[in-house]
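Just dropping this structure here.
The values are calculated or read from the model by the stated rules, or taken from the named source; none is laboratory data. Because the structure is predicted, anything quoted here is derived from the model rather than measured. FYI the Cβ positions are ideal-geometry reconstructions off the backbone, even for glycines, and counts take in every protein chain you see. Calculation scope for accessible area: heavy atoms of the full protein, side chains included, ligands and nucleic acids excluded. Shrake-Rupley method; radii C 1.70, N 1.55, O 1.52, S 1.80 Å.
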Amino acid sequence: MDFYPKVKSAVNYFKQFSLSGKLALIMILIILLIAIFAPCLSSHPHQRSSGSALTPPDGEHLLGTDDLGIDLWAQIANGARISLMVGFGTALLAALGGGILGIIAAYKGGLIDKILMRLIDIMMVMPDLPVMILLAAFFGPSLFNIILVLSLFSWIRPARVVRSQILMLKEQSYIKSAESYGASSWYLICKHFLPEVSPLLAVSIIRLSGRAIVAEAGLSFLGLGDPTSRSWGLIIHHALNFAGIYYTPFWRWWLLYPWLALTILIVSLAFIGRDLERIVDPRLGK
Amino acid sequence: MKKVRGMRVIEYLLTVLVIVTLNFALPRAMPGDPFLIMSETEEDVVVLTEEQREYYFELYGLDKPITEQYVSYLGDLLRGDLGLSIYYNEDVSTIILRRLPWTLFLVISTVILRTIIGSLLGTISAWCRGNFFDQFLFFNLITISEIPAFITGLLILFVFSAMLGLFPLSGAMSHFTTYESLWEQIVDILHHAFLPIITLTLARLGGIYLLARNSVITVIQKDYLVTARAKGLSKGRILLRHILRNAMLPIVTRTFLSLGSLVGGAILVENVFNYPGLGLLMQEAVNVHDYTLIQGIFLVVALFVLVANLMADLIYKHLDPRIESQEQTTS
């Protein structure tokens, strides 16, 4: 594998991005770096008190502290890990699972396809947030459970997209001729189908991770987040549960900064998703 | 044609069954002892004696075989009996009915507002397509609609209630006040509901706007519009009678279809503004581990969403018979 053409094509992709898309990519990169280097970026621990409670931002605590005196910048940097992990974890799981289901359904057809389509129909009309709340409430809000529940509601889109793509592909003559040479289903899936649908899946992954991050934030915001790992939604939840926070100046840092981080992440992912959709499928543009 | 519609209805019934069964199975599949978790709070730990456990098992009918439990559960549901709330010690259905009007008020006002504003802006945008105003609306509305409602809601609450003090911070009515007239009460309720409704409307505007813009753009290029213009009809008449009428169809369907995610948004937004509807009730129930109440709310919300989706399906087919023939050819 030579590396150079790949870099070149990546640069080409980047050039096709709109201004907002480029900015969004840079923001995501920054958040990613913050997430990776979270422990080195803050001199304070993110789980223990490191100063007096509710100090406004100053030189010592960059973004101030919360009601337990825990440094907010450390919490936000660490929360980036959790938000990104939930987002990309869910998206990968859902895109892979949904993609494989879509390929099998489209390629095998028949009863499997029928069952899958009915299942998708049922899932489509299922109200996702209420079901997620129910599942999280009953099974306990661990990070693993949350990723699992979110994936359960995210595989539908990739499955549908991939299925319709494969339905079209399997009528192509090169697939037919590969089949007549005795290519197995597994060979076809790995060699022909997966590479063909991977750009579509890549777009799905960006979109799905955006949605998963939003959903996780929503669940945490309701108090259903994993209490042992403080995501941004959970920081907001704790701040809002502080009685009368709006009558105090505390919300100016305790609520505002996690809110800002979450908004930047969500908007950036949305911009990138939209640009990718346009590049991969030019028909979707204006 | 009858067959296709029948299939859809069966599908919905299946979904209802899945939801009801989920509701039945979850507390039984839940890890740990439900009675312990129910009676435990964060402060005190409860230990049940063997006698107490047996008493509870009998009280909730858990000593009977699972099929019998399921049948009696379905029977209770059909009678509208959602069980007893452990925390409030009241019928779940009574509590839900008390809170439901507030959520309905938010959702219905939002649907009306955003349909009107969205179609209006979409039409304006399509009318002056490509110029600065169109691009400005397009970019901003699409960006805002990417941000979930509760995030926008937090910002709106920061600015208008906490910083400027223009609107109340929580609740649906002022406490401890007596109203001198009905009018005063209405004003107070609207004052409290204003920010939540605006938040939901803003977050949901993008979809309708885009739809209206696209359908108007398609309609504008049709031959009959050239005819209408050639006939010398006034701009307003063309807009109302020819463009909007033909562009309405997808908007109506979309409105019903999006009710599901709108309810989801409302659950979260109610928690931002402390608005006493079902969403806030759900969080309260989660906080106090009131599982029967959580289940009851879930069931009501889920059924509401399903009915809305079914209505969207049926209305769409009713308004546009072409869909049915298309579906038959593809399936």
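Carbon-plus-sulfur fraction of the accessible area of chain A, 1.4 Å probe, in percent? Could you put the intermediate results ahead of the total?
Numbers: 9190 of 13600 Å².
Roughly 68 percent, rounded to a whole number.
Residues of the stretch B:281-302 that become at least 10 Å² less accessible with every protein chain present than in their own chain isolated, using 1.4 Å: which are they?
B:282, B:283, B:286, B:287, B:291, B:294, B:295, B:298, B:301, B:302
Determine the distance separating the Cα centre of the stretch A:121-151 from the Cα centre of the stretch B:80-130; give it in Å without decimals.
A separation of 22 Å, based on Cα centres.
Determine the share of the stretch B:117-156's accessible area contributed by carbon and sulfur atoms, expressed in whole percent, with a 1.4 angstrom probe.
Numbers: 1290 of 1730 Å².
For the stretch B:117-156, the apolar C and S fraction of the accessible surface comes to 75 percent.
Quantify how strongly other chains surround peptide B:145-156 by giving the mean number of their Cβ atoms within 10 Å of each of its Cβ atoms.
Taking the mean over all residues of the peptide, I get 5.
Right, something else. Report, in debye and to the nearest 20, how large the dipole of chain B comes out about its Cα centre when Lys and Arg carry +1 and Asp and Glu carry -1 on their Cβ. Before the final figure, lay out each step's value.
Values: 24 positive and 29 negative charges, 655 e Å.
In total the dipole reaches around 3140 debye.
Rank B:242, B:232, B:205 by how far each Cα sits towards the positive end of the charge dipole of the stretch B:105-289 (+1 on Lys, Arg Cβ; -1 on Asp, Glu Cβ) and give me just the farthest.
So the residue we want is B:232.
Hey, another quick one. May I ask you to order B:162-170, A:121-129 by the average number of other C-beta atoms within 10 Å around their residues, highest value first? Walk me through the intermediate numbers first.
Numbers: B:162-170: 14.2, A:121-129: 20.3.
Ranking, from highest mean packing down: A:121-129, B:162-170.
Next question, about the same structure. Can you work out ³J(HN,Hα) from phi for every residue in the stretch A:112-122, in order, using Karplus 6.51 cos²θ - 1.76 cosθ + 1.60 and θ = phi - 60°, giving whole Hz and x for Gly and Pro?
4, 4, 4, 4, 4, 5, 5, 4, 5, 4, 5
Right, something else. Is there a simple number for the mean count of other chain Cβ atoms within 10 Å of the Cβ of residues in B:160-169, and what is it? Before the final figure, lay out each step's value.
Details: counts 0, 1, 8, 3, 0, 1, 0, 0, 0, 4.
Mean shielding count: 2.
Okay, moving on. Provide the buried accessible surface between chains A and B in square angstrom, both chains summed, 1.4 Å probe, rounded to the nearest 100.
Details: alone 15680 and 19530 Å², together 31120 Å².
The contact between B and A buries close to 4100 Å².
If each DSSP helix of 4+ residues adds -39,500 (n - 2.57) and the sum is divided by the residues in chain A, what number results at 222 nm, nearest 500 deg cm²/dmol? Spell out each step's value before the answer.
On the way: 14 runs with 203 residues, N = 286.
Mean residue ellipticity at 222 nm (helix-derived): -23000 deg cm²/dmol.
So for each of A:200-213, B:6-19 I average, over its residues, the number of other beta carbons within 10 Å; can you give me the resulting order with the highest mean first?
Values: A:200-213: 23.4, B:6-19: 15.5.
Result, highest mean Cβ count within 10 Å first: A:200-213, B:6-19.
Further, regarding this structure: Relative to the present Cα-Cα distance, how much length would full extension add between residue B:117 and residue B:225 at 0.36 nm per residue of separation? Display every interim value, and only then the final one.
Details: separation 108, 0.36 × 108 = 38.88 nm, distance 2.38 nm.
Taking 0.36 nm per residue and subtracting the Cα distance, the gain is 36.5 nm.
Leaving out ligands, DNA and RNA, and with a 1.4 Å probe, what % of the accessible surface on the stretch B:203-311 is carbon or sulfur? Before the final figure, lay out the partial values.
On the way: 2550 of 4100 Å².
Solvent-exposed carbon and sulfur of the stretch B:203-311 make up 62 percent of the total.
Express in nm, to one decimal, how much length is gained between residue A:114 and residue A:252 on full extension, taking 0.36 nm for each residue of separation and deducting their alpha carbon distance. It would help to have the intermediate numbers written out before the result.
On the way: separation 138, 0.36 × 138 = 49.68 nm, distance 5.36 nm.
Fully extending the segment from residue A:114 to residue A:252 adds 44.3 nm.
May I ask for the net charge around residue B:173, where only other residues with Cβ less than 15 Å from the Cβ of residue B:173 are counted and Lys, Arg are +1 while Asp, Glu are -1? If you can, show how the numbers build up before the last one.
On the way: positive: B:98, B:99; negative: B:180, B:184, B:188, B:270.
That works out to -2.
Per residue, how large is the accessible surface of the stretch B:105-289? Use a 1.4 angstrom probe and give square angstrom. Each step should come with its number before you reach the end.
Working: 8550 Å² over 185 residues.
On a per-residue basis, 46 Å².
Next up: Per residue of the stretch B:200-208, in order, report the coupling 6.51 cos²θ - 1.76 cosθ + 1.60 (Karplus, θ = phi - 60°) as ³J(HN,Hα) in whole Hz, putting x for Gly and Pro.
Computed from phi, the couplings for the stretch B:200-208 are 4, 4, 4, 5, 9, 5, x, x, 5 Hz.
What number comes out for accessible area per residue over chain A if the probe is 1.4 Å? Units Å², please. Please report the intermediate quantities before stating the final value.
Values: 13600 Å² over 286 residues.
I get 48 Å² per residue for chain A.
Would you tally the net charge around residue A:175, using a Cβ to Cβ cut-off of less than 11 Å, leaving residue A:175 out, and scoring K and R as +1, D and E as -1?
With Lys, Arg at +1 and Asp, Glu at -1, the neighbours total 0.
Taking each residue in A:271-278, count the Cβ atoms of any other chain within 10 Å of its Cβ, then average. What number comes out? Write out the running numbers ahead of the final one.
Details: counts 3, 0, 1, 3, 0, 0, 0, 0.
Average per residue, whole number: 1.
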